[in-house]
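Novice: Can you keep this structure in mind? I'll have questions shortly.
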Amino acid sequence: MTVGAPEPLMQVEFYDGQGLAGRCDFVLGDVALEFDGKVKYDDEAMRGGRAPSAVIRAEKMRERRVLRTGGVRAIGRCDSDDVALLAPLASTLRDMGVPLLPRHNARMWARRQK
């Protein structure tokens, strides 16, 4: 990730006593990051005919199951705007306790100031 985060594992599956609890888009140590596109909620075909509220409810239930597996301690969410702007993505990762390395140009700037 260009925000200085460790390299994530992608599409990680978590299992519980009932089987597949869920799959997370990115896993960085003990936290997961889900990439949510608006189409997931806006496009009727993507929702499988369900109302957006039903999609959100199912998402919350899946998230609870994933957390209960103990494979991750937190799940954060981002969308395309967060990734394009980077600062919101970095904030989300920091809030979840993911250590971020300083950006290369920030380190260079600090050296120039000495």
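Novice: So what is the accessible area of the chain per residue, in Å², with the probe set to 1.4 Å?
Specialist: Values: 7560 Å² over 114 residues.
Heavy-atom SASA per residue in the chain reads 66 Å².
Novice: Just 52, 99, 88 to compare: in a GNM of the chain, with alpha carbon springs under 10 Å, which one fluctuates most?
Specialist: 52
Novice: Now for a different question. Just need the relative contact order of the chain here, percent rounded to a whole number, with Cα pairs under 8 Å and 6+ apart.
Specialist: So the answer I get is 30 percent.
Novice: Nearest 5 is fine: what % of DSSP beta bridges in the chain come out antiparallel, could you say?
Specialist: 65
Novice: Which residue fluctuates most in the GNM of the chain (Cα springs below 10 Å): 39, 66, 98?
Specialist: 39
Novice: For region 65-96 and region 1-48, compute the distance between their C-alpha centroids and round to whole Å.
Specialist: 9
Novice: Check residue 34: other-chain or 5+ apart residues with amide H under 5 Å from its amide H, H built from backbone geometry?
Specialist: 76, 77, 78
Novice: Just to confirm the filter: which trypsin sites (Lys or Arg not before Pro) across region 9-79 are DSSP coil and have at most 12 other Cβ within 10 angstrom of their Cβ?
Specialist: Filter output for region 9-79: 38, 73.
The values are calculated or read from the model by the stated rules, or taken from the named source; none is laboratory data. Worth saying up front: this structure is predicted, and the values here are computed from it rather than measured. Cβ atoms come from the backbone with ideal geometry, glycine included; neighbour counts cover every protein chain shown. The accessibility values were calculated without ligands, DNA or RNA, using every heavy atom of the protein model including side chains. Shrake-Rupley method; radii C 1.70, N 1.55, O 1.52, S 1.80 Å.
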